[in-house]
Each structure stands twice: as structure tokens, then as C-alpha cells.
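Visitor: Here you go, one structure.
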Amino acid sequence: MFDLIVRNANLPDGRQGFDIGLADGRIAAIEKHLDAVAGEDIDATGRLVSPPFCDPHFHMDATLSLGLPRMNVSGTLLEGIALWGELRPLLTKEALVERALRYCDLAVSQGLLFIRSHVDTSDPRLVTAEALIEVRERVAPYITLQLVAFPQDGYYRAAEGAKSLERALDMGIDIVGGIPHFERTMGEGRLSLEALCRLAAERGLPVDIHCDETDDPMSRHIETLAAETIRHGLQGRVAGSHLTSMHSMDNYYVSKLIPLMAEAEINVIPNPLINIMLQGRHDTYPKRRGLTRVRELMAAGLNVSFGQDCTMDPWYSMGSADMLEVGHMAIHVAQMGGIEDKKQIFDALTVNSARTMGLEGYGLEVGCKADLVILQAADVIEALRLKPTRLCVVKGGKVISRSAPRIGELFLAGRPARIDPGLDYVPKV
């Protein structure tokens, strides 16, 4: 007896027509023609069933604040930071909680059930930390929310940056964050990484650094982050987010840098939507794309996972809690259009991100937690092409979201009456 059986499912690894039996909050069986009964049967009708999407880099304290107190006219990273500085004194816990919960509702409908959010700790009031800790507790039944203590104005640059970050950790924030390229000097940026990695080691916490989010090829804080990771024995527990300066570095230096990062087992988190929007703003033509060297980092064996970063906030006026939109952009910007490329991109939205976040029991194998998403697409390649409707989202073996399939009705002589973009246009490769 199963609680739920999803029948006739295609799996991310290419297996087709499998039944997935869920019982007691776990995946209990994956096999063809599962001869069993369940409290509920769902026919996937030959569509893709995936583990839930993960977003390892987001800013939930800023989400849905677009236009407050004004718009980012230049569209640059630095004006976004300045604009956030104007909004920050006006923030209330109630408004932060309300916007974050609204975003989490949207995330569930998109099959996004695991999120790592940076929380700005530069304001000594720490109203952002209070609000996001409350949100973490309220969404815990359906979203795993990890929180990073993030000194947006700089660990040393902000008046009480170091003290406020430690207070946020004392309140229960999960992860140590930083932004070395925004410190006053390269030297202070290096010192901030030394202090933050030491702090994380002492407290037994992971590290996630906004690292070298700039077009400047001489911004090389990632080498310090890798070295400090090794020094403190933090291998596998440290993430370098953005790393956009690598886009502009010379190839010889990168040939030395990537092996150092691999030695430190750095988790790499590019953010394709934001990186293509914000980087290269000082260029005329040719204009740099700004995304880090995704293909090369993957080829070197580093764990690469993609983040969404922002949705409707001072830095990004778009966004929809759709990680497939992130992957879709990555395919274009990284020029990874091959079949195997796309499989790697899909992994960067699911299993790689789960590894970055240290999630236990994640995946689509027997014994994993009974969390999954049914998509209106036949396979991972089509899912990235179509960014399809999430027909059903399951958490702990229970359906927590349903959406009607996108079906087009045609009124054309001699043509089909209905089209299903998720099944009718699957290429015969």
C-alpha cells in the first residue's frame, strides 16, 4: 500500500514509462508497471518527473520590492546597492515577511522547494534577519530555507559590519557570507575572507561568498577564498557565488586558478539572469557577457549550480521563481546548446544545487524523500526549451500544488484542434 503512485513517468536520466511509489514520506519503489494500490494515483502521461528545483543563491529580503523607493535608472549593480541602502532604513519586519511569503507561494507553484537566501546584516537593527528567520519557520513544512549572514555594505566597510554579522549568526542564521570586492581596498577584501573563513571554522558553519562580482580581471578574491578554505579544512562547504571577473581574466591565470578551486572543492554558483543583466555595463562594443567560465569549471570537476539571485528588486526588474528560466539563460550565455550540455545545465538546477546546499535525502531514487515535480515536458532537454507548466508538485508524498496544462485550441481548417507544446513537438533525435 502506497500513499501516492505517479504512473507512466519519464525520469531525468532518460528512463521512460516508470511508476514511482511513495510511502511514509519516502520514495519506496521505482519500477515499470508497479502492481500496487495507493491512496492516490497520478498519471504523468509520459511526462518528465524531476526532483524539486533548488535555488542556492537568492535575496529574499529584497524580493518583490521593485520600485521602492524608486527604480534603478542605470541598471547597474552599484546603483542597485545604493538604492537598497535607501530602502533599508524604511524596512519593517511585517513588510519583509509579507513579501517573502508571497514569493514562497510562487516558488511552490514552480516546483522550487529549496532556497538559500542571503540576508543583509549591514543595518544593526537586523530587522531583515528577524523577518527571514520567522519566514524560515513558517515555510518549513514545504520549503527548506537556508539563510546566509550577508554584510552587503562590507564586513569591514560598514560601521558595525563585523559585529552585526556575528549577532545575526547568534540569532540562528545558518551560513557565513561576505563581499570582499566591495570592501574599500583589495587588501581589506582579503582580510575579510581570512576573518570570515576563520569565523566559520570556529562555529562549524558553511561559507557562501559574493566573490568577484565585477568586470575587473584583477579582482581575484577567489584565490584567497580557495586558500582559506584549505587552510581551515572547509573543503566542500564553501561556495563562491557569481565569480564574474573570471569572464575577463587572462587564460594563463585561469589555468592556475581553476585547479586551485578544485583542490579546495569550491562550490561555484553563477547567476545567469543577473550576470548577463548587470555585467559589462561600462563596455561599449564589444560588450562582455560577464558570466563566469561555466563549461571550463564543469569540465574540471567543480560542482556548479545556478542561482536566480533576484526577483523584482533593486537589481532585477524581472524574475518568476522559475529555475528553468535560469537554466534557459545559461544555455544561451554559456553557449551550451548540445544535448549533453543541457543535461549538465539541468543538473545544475537540481542535484548540483542540492549538493551545494548540503541537502540530505534529495533525489529521485528509492530511499530519497518523497519530493517531486511533474512537468509538462517529455524530458530535461524539452523542459529547458519550453520552461513548461509544473503540473503537480509533491512534498513529503502529498500534493501541495497543481496547475492546469497549457493546451492551445486552434480554429484552423484542416489543422489539429488542440496542441500540447510539451508533447506534440518533441524532436525525433
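The values are calculated or read from the model by the stated rules, or taken from the named source; none is laboratory data. Quick caveat: nothing in here was measured; it's all calculated off a predicted structure. We place every Cβ from the backbone using ideal geometry, glycine too, and count neighbours over all the protein chains shown. The protein model used for the area step is the full one, side chains on, heavy atoms only, and it has no ligands, DNA or RNA in it. Shrake-Rupley method; radii C 1.70, N 1.55, O 1.52, S 1.80 Å.
Visitor: Just give me the residues in region 316-333 being open to solvent by less than 50 Å² (accessible area, probe 1.4 Å) and in contact with a Ser or Thr (Cβ under 9 Å, 6 or more places away or on another chain), in sequence order.
Guide: 319, 320, 321, 323
Visitor: Exactly one condition in (1) open to solvent by 10 Å² or more (accessible area, probe 1.4 Å); (2) touching a residue at least 24 places away in the same chain (Cβ under 8 Å) is not met by residue 340; state its number.
Guide: Condition not satisfied by residue 340: (2).
Visitor: Still on this structure, I have one more. Kindly indicate the residue of region 172-185 that is touching a residue at least 24 places away in the same chain (Cβ under 8 Å) and more than 24 Å from the chain's Cα centre (by Cα) and also nearest to residue 214 (Cα to Cα) among those meeting that condition.
Guide: Step by step, filter region 172-185, then rank; the result is 183.
Visitor: Oh, and also: Hey, residue 283 hits all of (1) over 24 Å from residue 85 (Cα atoms); (2) open to solvent by 40 Å² or more (accessible area, probe 1.4 Å); (3) of a type in the set (D, E, K, R) but one; which does it fall short on?
Guide: Only one criterion is unmet by residue 283, namely (2).
Visitor: Open to solvent by 30 Å² or more (accessible area, probe 1.4 Å) and at negative phi: which single residue out of 229, 144 fits that description?
Guide: One residue alone meets the criteria, 144.
Visitor: On the basis of being open to solvent by 10 Å² or more (accessible area, probe 1.4 Å), free of Cβ contacts under 8 Å to residues at least 24 places away in the same chain and touching a Lys or Arg at 6+ places or on another chain (Cβ under 9 Å), does residue 360 make the cut?
Guide: So residue 360 passes the test.
Visitor: Need the failing condition index for residue 77 against (1) at pLDDT below 95; (2) surrounded by fewer than 20 Cβ atoms within 10 Å (Cβ to Cβ), just the number.
Guide: The one condition residue 77 does not meet is (2).
Visitor: When you scan region 365-380, how many residues do you find that are more than 19 Å from the chain's Cα centre (by Cα) and either of a type outside the set (S, T, N, Q) or open to solvent by 10 Å² or more (accessible area, probe 1.4 Å) (or both)?
Guide: Residues flagged as more than 19 Å from the chain's Cα centre (by Cα) and either of a type outside the set (S, T, N, Q) or open to solvent by 10 Å² or more (accessible area, probe 1.4 Å) (or both) within region 365-380 amount to 10.
Listed here are the residues, each with its yes/no results for (1) open to solvent by 10 Å² or more (accessible area, probe 1.4 Å); (2) under 26 Å from residue 398 (Cα atoms).
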{"site": "96", "(1), (2)": "no, no"}
{"site": "106", "(1), (2)": "yes, yes"}
{"site": "114", "(1), (2)": "yes, yes"}
{"site": "126", "(1), (2)": "no, no"}
{"site": "130", "(1), (2)": "yes, no"}
{"site": "138", "(1), (2)": "yes, yes"}
{"site": "148", "(1), (2)": "no, no"}
